[in-house]
Amino acid sequence: MGIIRTEDLTYIYGEGTPFRKVAIDNINIDIDEGEIVGVIGHTGSGKSTLMQHLNGLLKPTSGKVFIDGEELFADKSRLKEIRFKVGLVFQYPEYQLFEETVYKDIAFGPKNMGLDEAEVDRRIRETARLVGLREELLAKSPFELSGGQKRRVAIAGVMAMEPKVLILDEPTAGLDPRGRDRILGLIKEYHAEKGTTVLLVSHSMEDVARTVSKILVMSDAKVFMYADRSSVFARADELTSMGLTVPQVTRVFDRLRAMGIEFDDEVFSVDYAKDLVLRLLEKKRRHTVD
Amino acid sequence: MIKDITIGQFFPGKSVIHRLDPRIKLLLTVMYIVMLFMADSFAGLGAGILFLLISFLLSGIPMKMMAKSIKPIVPIIIFTGILNLFFISSGDVLLEWKFIKITSGGVTTMVFMAVRIVLLICGTSLLTYTTSPITLTDAIERILSPLKVIKFPAHEIAMMMTIALRFIPTLIEETDKIMSAQKARGADMETGSLIKRAKALIPILIPLFVSAFRRAEELALAMECRCYRGGEGRTRLKQLRTAPRDYFAVAIGVAFIAAVIVLNRFSPI
């Protein structure tokens with residue numbers, strides 16, 4: 001059994017009012033520990049609602065959520081404890097910063113967990129390094145930082161709680177390409193170093209494709225599919241009809257393959273594509289020289 | 001919890017009451033309040049009840065909304081009721097026990113005041129139920145505009161009210177979001193002593209203030225980009241015009257006030 005499991009999970013907004021809306025409908029997922037998963041879907045497909053169930057912020061209308069084998073809401077006094085296992089980084093997390101210094105803000109989560117000073121300090125320094133915040137920034141006010149830095153502080157605030165599962169809801173929204181690469185890079189590094197389960201929610205296939213290994217596609221309040229990325233992208237036509245796109249490079253290489261050029265691997269990122277093309281050209285050059 | 005606030009709630013509709021000129025509706029509300037405070041007999045209050053019922057029926061707003069608007073002021077009614085009951089000593093003594101003395105005058109005043117407060121709240125909430133906040137502030141601006149002669153910033157005040165009303169739902173949504181985010185970081189707002197709970201509000205209030213200021217700045221900039229320079233020479237898309245029905249409504253209001261005066265004469269409390 002995986003670290004995250006849901007059983008017929010359904011959530012309905014505004015039950016009994018004219019505004020009734022089924023946000024997620026009969027969701028059954030099972031995510032293994034240590035996996036890095038991209039959660040993708042259109043606006044309003046229920047991604048964020050599903051994520052908020054995974055740490056008990058929303059109570060299911062029906063169905064069950066299991067985290068690390070333990071059912072959420074089975075025992076209300078355990079809820080806070082389980083919540084510490086699942087770190088949730090909201091959209092635009094920089095708007096939740098409130099402390100006088102970056103240091104204190106990152107400390108908020110760990111302190112709520114009741115850890116001692118030394119442990120809190122260790123975690124702050126470690127996560128600050130992980131997200132690439134220099135030592136001297138820790139003493140600054142979070143409101144003096146740049147947008148990208150603020151976001152990294154907010155993400156560090158959740159990472160410092162060392163959750164078993166880290167969920168990030170649109171962590172790259174509103175950032176420039178460099179800021180986006182930086183955030184995605186640090187998520188990858190965090191996953192590689194800590195080996196924790198990571199869920200990356202996004203509507204950008206490009207972002208997801210080069211970061212994760214498995215993809216959960218949501219459509220119309222339901223799970224459309226959950227599989228590794230190449231088998232998801234293999235159903236490019238269906239994704240397109242749902243308004244989702246396969247990354248541009250992947251499409252280019254799919255076409256090249258259809259034209260009869262052989263590649264031994266799926267292509268998800270531009271960097272990898274560049275290497276591949278260079279290697280191919282090299283091979284061709286040698287071929288003609290011979 | 002925060003979603004239960006009904007102040008300023010508006011129910012779109014096409015009834016006569018909805019279509020009345022908002023300035024006339026404001027005037028009628030003021031007349032209605034004057035009427036309630038002039039009435040010093042139950043018969044006078046009866047006229048107030050009749051006026052309210054007619055307005056509610058014409059507006060097509062469900063009667064249960066009336067009950068909903070009274071709900072938040074129940075403690076105030078109980079409080080004033082108790083004060084009246086114990087501290088007014090006129091008429092016959094009904095009950096005497098140690099230092100507590102309840103008189104018939106006290107009971108009458110208690111009931112009278114309670115009915116008056118309920119009528120007051122129901123009537124004024126009918127105004128907000130049937131008038132959208134935007135038209136209401138429009139009306140306030142127009143009513144206050146003669147005061148511009150003495151440099152009273154009528155337009156600015158109306159604009160401030162419009163903006164404030166517009167941002168209530170936005171800020172509620174924002175509060176919800178920040179609360180979830182801090183809860184996800186282990187913030188505990190539901191347990192502990194009063195001081196502990198007050199302290200737990202800091203992680204919510206600071207981000208909320210910061211974002212409110214940010215929004216204000218963005219809005220100011222956006223308004224300036226659209227060449228907003230205050231009320232001077234500004235025309236509007238929807239002009240307020242009075243129709244015959246508005247004069248008719250005022251006439252009814254005047255008639256009711258007259259009736260209250262007459263009733264006061266003939267049936268003292």
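The values are calculated or read from the model by the stated rules, or taken from the named source; none is laboratory data. Given the structure is predicted, the values throughout are model-derived calculations rather than measurements. Cβ sites come from the backbone with ideal geometry, for glycine too, and all protein chains shown count toward neighbours. These area figures cover heavy atoms from the full protein model, side chains too; ligands, DNA and RNA do not enter into them. Shrake-Rupley method; radii C 1.70, N 1.55, O 1.52, S 1.80 Å.
Here are the numbers for this structure:
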{"read-out": "Residues whose placed amide H lies under 5 Å from that of A:Met225, excluding near-sequence neighbours", "value": "A:Val217"}
{"read-out": "Dipole of chain B, positive direction: furthest Cα of B:Cys122, B:Leu85, B:Phe209, with charges on the beta-carbon", "value": "B:Phe209"}
{"read-out": "Three-way shape label, the protein assembly as shown, alpha-carbon gyration tensor, a/c 1.5", "value": "prolate"}
{"read-out": "The range B:29-60 residues near the modelled B:Arg265 label - backbone nitrogen below 20 Å, point 7 Å along Cα→Cβ", "value": "B:35-48"}
{"read-out": "Pair B:Leu221, B:Asp188: separation of 7 Å Cα→Cβ label points (nm)", "value": "4.1"}
{"read-out": "Percent RCO, i.e. relative contact order, over chain B, from Cα pairs under 8 Å lying at least 6 residues apart", "value": "32"}
{"read-out": "GNM flexibility winner over chain B from B:Arg215, B:Arg185, B:Arg116 (Cα, springs under 10 Å)", "value": "B:Arg185"}
{"read-out": "Accessible-area order (highest first, 1.4 angstrom probe) of the listed residues A:Asp207, A:Asp68", "value": "A:Asp68, A:Asp207"}
{"read-out": "J(HN,Hα) series, the range A:250-258, from Karplus relation 6.51 cos²θ - 1.76 cosθ + 1.60, nearest Hz, glycine and proline x", "value": "4, 5, 4, 6, 4, 5, 4, 5, 4"}
{"read-out": "Length-normalised contact order for the range A:1-78 - Cα pairs under 8 Å, 6+ apart - percent", "value": "39"}
{"read-out": "Relative contact order of chain A, pairs being alpha-carbon contacts under 8 Å that are 6 or more residues apart, as %", "value": "22"}
{"read-out": "Cβ-Cβ FRET estimate between B:Ile33 and B:Ile172, R0 fixed at 41 Å, reported to 0.05", "value": "0.90"}
{"read-out": "Gaussian network model of chain B, Cα within-10 Å springs - most flexible of B:Leu126, B:Leu219, B:Leu26", "value": "B:Leu219"}
{"read-out": "Gyration tensor (alpha-carbon) shape descriptor, chain B, a/c threshold 1.5", "value": "oblate"}
{"read-out": "Neighbourhood net charge (14 Å Cβ-Cβ; Lys/Arg +1, Asp/Glu -1) for A:Lys85", "value": "+1"}
{"read-out": "Summed residue charge, Cβ within 14 Å of B:Asp40's Cβ, Lys/Arg positive, Asp/Glu negative", "value": "+2"}
{"read-out": "Size of charge dipole - the protein assembly as shown - debye, nearest 20, with Cβ of Lys, Arg +1 and Asp, Glu -1, no other charges", "value": "2000"}
{"read-out": "A:Arg255, A:Arg152, reordered so the largest accessible area comes first (probe 1.4 Å)", "value": "A:Arg255, A:Arg152"}
{"read-out": "Accessible surface of B:Cys227 - all protein chains present, 1.4 Å probe, nearest 10 Å²", "value": "100"}
{"read-out": "Summed residue charge, Cβ within 9 Å of A:Ala160's Cβ, Lys/Arg positive, Asp/Glu negative", "value": "-1"}
{"read-out": "Sequence of B:Ile100, A:Ile167 when ordered by accessible area, the most exposed leading, probe 1.4 angstrom", "value": "B:Ile100, A:Ile167"}
{"read-out": "Other-chain or far-sequence residues with amide H under 5 Å of B:Lys101's (modelled H)", "value": "none"}
{"read-out": "Residue-averaged [θ]222 nm for chain A, counting only DSSP H segments that reach four residues, each worth -39500 (n - 2.57)", "value": "-12000 deg cm²/dmol"}
{"read-out": "Proximal lysine pairs, the range A:1-140, alpha carbons under 24 Å, eight or more residues apart or interchain", "value": "21"}
{"read-out": "Given charges at beta-carbon only (K, R positive; D, E negative), |dipole| of the range A:247-290 in Debye", "value": "240"}
{"read-out": "Unit charges at the beta carbon, dipole of the protein assembly as shown: most positive-side option, A:Gln149, A:Pro163, B:Phe11", "value": "B:Phe11"}
{"read-out": "Cβ-based charge dipole, chain A, positive-most Cα from A:Ile31, A:Ala227, A:Gly41", "value": "A:Gly41"}
{"read-out": "Gain in span if fully extended, A:Ala118 to A:Asp275, counting 0.36 nm per residue against the direct Cα distance", "value": "52.0 nm"}
{"read-out": "Magnitude of the charge dipole, chain A, Cβ model with Lys/Arg +1 and Asp/Glu -1, debye to 20", "value": "520"}
{"read-out": "Estimated FRET transfer efficiency (B:Leu53, B:Thr242; beta-carbon r; R0 35 Å; 0.05)", "value": "0.90"}
{"read-out": "Karplus-derived 3J(HN,Hα), 6.51/-1.76/1.60, for each residue of the range A:231-243, Hz, glycine and proline x", "value": "6, 5, 5, 5, 9, 3, 4, 5, 4, 4, 5, 8, x"}
{"read-out": "Set of aspartates and glutamates with alpha-carbon distance to B:Lys101 below 19 Å, sequence-local pairs under 8 removed", "value": "B:Asp92"}
{"read-out": "Area accessible to solvent at A:Tyr11, 1.4 Å probe radius, in Å²", "value": "40"}
{"read-out": "Estimated 222 nm signal from helices in chain B, with DSSP H stretches of n ≥ 4 weighted -39500 (n - 2.57), rounded to 500", "value": "-23000 deg cm²/dmol"}
{"read-out": "Gyration tensor verdict on chain A (Cα atoms; rounded if a/c is under 1.5, prolate if a/b is larger than b/c, oblate otherwise)", "value": "oblate"}
